[in-house]
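Take a look at the structure set out below.
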Amino acid sequence: MTEAVEDIFVRIERAFPILSEKLLHTKEECTEEEFANLAEDVRVLKLSQFVEDIVIHHIEQYIRWHVAPVFWEKFENTEDSKRGFELFKSAVDDLYSNLTEFLPLLKKLEYLRQNQDVVTDPSSVENDIEARFKLIVRATLLSQLPLYHECIIEHFYKIAFNVFCNSDNSSPDVSVNEIQCVGCAQEVENCQCQMIVYIFHETNRKLIELKLLERLVGNVLTSLIHIRIENHVIQTCDKTFDVSQLIPLENWLETVVMSWLIRIYSGGFSKTVTLSDEIRNAINKFKQKLSHFLYETYTKIRINHLFNIIIEYPESQPAVDDLRICLERTDQRKVLIKNLQEAIKTRLLHPGVNTPDIVTAYIAAIKALKHLDSTGVLLEAVTEPIKSYLRSREDTVRSVVNSLLDDSPSELADELVKGECLQLDDGSADDETEDWEKWMPDPVDADPAKSTQRKVSDIISTLVNVYGSQDLFVNEYRTLLADRLLSQLNYHTEREIRHLELLKRRFGENQLHYCEVMLKDVYDSKRIDGNIHSDTSYNLQRELFPTSALILSAQFWPPFKEDWKLKLPNIVQNQLNKYVKAFEALKGNRTLCWKPHLGNVSLEIELKDRKLDINVTPVHATIILHFQDKSEWALQDLAEVIHAPATVLRRKMTFWVSQGLLKETSNDVYVLQEESTSKNRLSTDIVEEEETESVMASASDQREEELQVFWSYIVGMLTNLDSMPIERIHQMLKMFASQGPGAVECGLPELRQFLDRKVREHQLLLSGSFYRLPKS
Amino acid sequence: MKVTIKSWTGVATWRWIANDDNCGICRMPFDASCPDCKIPGDDCPLVWGQCSHCFHIHCIMKWLHSQQTSHICPMCRQEWKFKE
Ligand SMILES: [Zn+2]
Ligand SMILES: [Zn+2]
Ligand SMILES: [Zn+2]
């Protein structure tokens, strides 16, 4: 028996020369018959598992010492891409042919396995000798992975993939006069493309067969495809926002990119039917990763252009729609917020941009971001800087009110017509009534401090909330309305009444009550004027010139700028006095006080060589009337006569100088120009008043006065309680200072701005979040 | 030069001719309305007593209504009689 055993080992060694570390083919190879006998003996002795293990062990050793090092030797860190291409090709070719030489050996092992009696526990043994072999090859190769192994792989695939992608185009765009091939960069008649594509597929096929494709070249191939995807996305999606790109991109992935994958995995064929399930799975996994990458790339591009997308909204709505879907699939909200904040800061919030443009951009941002994220969290995070910047601009409220009342189509005017109720964000809103069944959690990046107050309010509300109070807006509107009524002076109020009705639906009746009285004043003035003119005693006295008046209820109009009181010419003053008498007669116990500088005067001026019809302010009329009596005036003298400051008068004189009626002959001395010096002036020119300066005290001046009321309360509080955080101050003010009629409201943001200013003026100290009074 | 005024549109504010600025009852300016009214002037006129004090008509009426027995002026405590 021992002899037989010894004999069998010799025979095994002869059948598997690898056991003696020899090259695969020895001279005295065992014949098929010899091997069949051996297999039979091995079966009888139940040695097949033993033989398999020992042979496999030796195969592993052989690969480790002789195959893997030879393979990796070729992986140089070379700069030469052509050399890299050749090296990788030959590395794969050599590896493949080396490993092919193991096939007879593997067949023999397979035979031994098939030949044995009992199948020893099938789970412990690899299903298939070839699979076991390939696993060993992979493991052994990868255990010796050199540092720069990707270098020649990159060279190979860069060249090959480029040619491959170009070979993909059914109609290659090689124009006639092109000397270089787009694919291989060789001269056209020398084109290597077909060859390269062949090598590309051959190499892939070999790697797939060895199951090395993904493990060895997966990274390189993926990053090359990524570059292709990136370029494609940039080419198709850059700078056009009015078309949705997601479906075209998905289609492109499904057709072009998928055809690449299928052809790579099938070694050149492009039909899926020929692919095994395993490969099809691999392709699908790959595709999913690429699809994710496609979305990520597209999202990034859209985020980079989000500022422009917002500015172009609503034309850019398709881009916003795309981005919304992308954000659900990718994790880029943080990037978006950071990016957009940065863009807003550098492109919008600086002194070079005027306030109406900032307001317009802000409105666009509100609309676009609400469309992007209906919870309002993105909007809140991104637009906070715009809000605080707008708060620092003096003309913000004015430009918002102006665009609210714009007659030409504007976003805000449209919003106003929608007529939703104003939602104030001062924390007082009771959202307990919300339907709890429809409750949705906030997105994870929501600011928890604001969570309970967040409501997706409409645009006008959002703008009003920049200051946290509607008082400023209502006051600004009142000033604007006053200016309009006083500059028109024609008793026509239809347009203003329409606006007021719209605003009342927004801000409520109470807030706009004053404005209602103002409009009623205009209406009443017309009636009173009619009554006065039909009064016989007034008519008996004969009007020197047609006179009418706008009669205001002083308590309801915003304060007027009245630094000085104009002294009108006597004939005018007498006429106005008569008007007052008539009014007193009509409305017993009431009288009128003229605002002499306000109003509108229609003059006809006859000069030696021309006649002028002109509408001017009372100041200008007064000036020119004085020149009727005396053709030369020193500024100072005239100033005394009409009770005006010289500086103001000098500015007013320029109007008549520009009309060619007056001339400054020497310093501050003006002379009437009876004869025209310029020939081209038409004698019947009707010239409009050039200045459109507001006659009202500015809204911010008025607000300042109101806030001073709070200041005395705040000083009192801080004297008693030492230091307080802003929320507490706000609460206390709401409790004590905002009671009773005519109470002033003050939102938290406005209060913060007010307090911060007091800090800058050293009237307050801020330490941590506590305000205190400086020690005096 | 001859300047002809073709028309003059002026701006004026109206006010009550009274010996005080505010109503002694509601403390609001006479030229504003009483707290119950929205529109000043014709809709919320003043009335004078023989004692020469005056009030928003709505204010003094409310005051007189609340006095059960005698009607006196809230300012000078003399008997209230409307000035003819
Ligand atoms: Zn009263
Ligand atoms: Zn009243
Ligand atoms: Zn009295």
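The values are calculated or read from the model by the stated rules, or taken from the named source; none is laboratory data. Computed from a predicted structure; not experimentally measured. Positions of Cβ are generated from backbone atoms using ideal geometry, with glycine treated the same way; all protein chains shown enter the neighbour counts. The area values use the complete protein model at the heavy-atom level, side chains included, leaving out ligands, DNA and RNA. Shrake-Rupley method; radii C 1.70, N 1.55, O 1.52, S 1.80 Å.
Among B:60-70, A:136-146, sorting by the average number of other beta carbon atoms lying within 10 angstrom of each residue, highest first, gives A:136-146, B:60-70.
The A:Arg527 and A:Ser388 beta-carbon pair, evaluated with R₀ = 45 Å, returns a calculated FRET efficiency of approximately 0.40. From its DSSP helices (H runs of at least four residues, each -39,500 (n - 2.57)), chain B gives a residue-normalised ellipticity at 222 nm of -3500 deg cm²/dmol. Annotation for the B:A interface, with buried accessible surface near 3900 Å², both sides summed [1.4 Å probe; non-protein components not counted]. Remark: for residue pairs A:Lys611/A:Lys663; A:Lys561/A:Lys758; A:Lys561/A:Lys581, the C-alpha separation exceeds 22 Å in A:Lys561/A:Lys758; A:Lys561/A:Lys581.
Let me confirm one metric for peptide B:24-37, namely the mean number of other chain beta-carbon atoms within 10 Å of its residues' beta-carbons.
Whole-number average of other-chain Cβ neighbours for B:24-37 is 2.
Among A:361-372, A:213-224, sorting by the average number of other beta carbon atoms lying within 10 angstrom of each residue, highest first, gives A:361-372, A:213-224. Which pairs, out of A:Lys526/A:Lys595; A:Lys652/B:Lys2; A:Lys158/A:Lys239, put more than 22 Å between their alpha-carbon atoms? Exceeds cut-off: A:Lys158/A:Lys239. Taking Cβ atoms as reference points and 15 Å as the exclusive limit, the residues near A:Leu246 contribute a net charge of -3, counting Lys and Arg as +1 and Asp and Glu as -1. Taking the charge dipole of the stretch A:237-331 about its Cα centre, with +1 at Lys and Arg Cβ atoms and -1 at Asp and Glu Cβ atoms, the residue from A:Ile283, A:Val320, A:Asn251 reaching farthest to the positive side is A:Ile283. A Cα-only calculation for the stretch A:487-587 places Rg and Dmax at 16.4, 50 Å. In a reduced charge model with +1 at each Lys and Arg Cβ and -1 at each Asp and Glu Cβ, the stretch A:601-687 shows a dipole moment near 280 debye about its Cα centre.
A Förster distance of 25 Å, applied to the separation of the beta-carbon atoms of A:Ala131 and A:Asp93, puts the FRET efficiency at 0.65. Between A:Asp238 and A:Asp406, the FRET efficiency estimated from the beta carbon spacing at R0 = 45 angstrom works out to 0.85. Loop-located chymotrypsin sites (Phe, Trp or Tyr not before Pro) across the stretch A:539-612 with a Cβ neighbour count of 15 or fewer within 10 Å are A:Trp564, with loop assigned by DSSP. Distance between the 7 Å Cα→Cβ label points at A:Val10 and A:Ser658: 12.6 nm.
Find the accessible area per residue for the stretch B:10-84; the probe is 1.4 Å, ligands and nucleic acids are left out, and the unit is Å².
Here the per-residue accessible area is 56 Å².
Taking Cβ atoms as reference points and 14 Å as the exclusive limit, the residues near B:Pro40 contribute a net charge of -3, counting Lys and Arg as +1 and Asp and Glu as -1. Label positions at A:Asp563 and A:Arg728, each projected 7 Å from the Cα along the C-beta direction, are separated by 4.4 nm.
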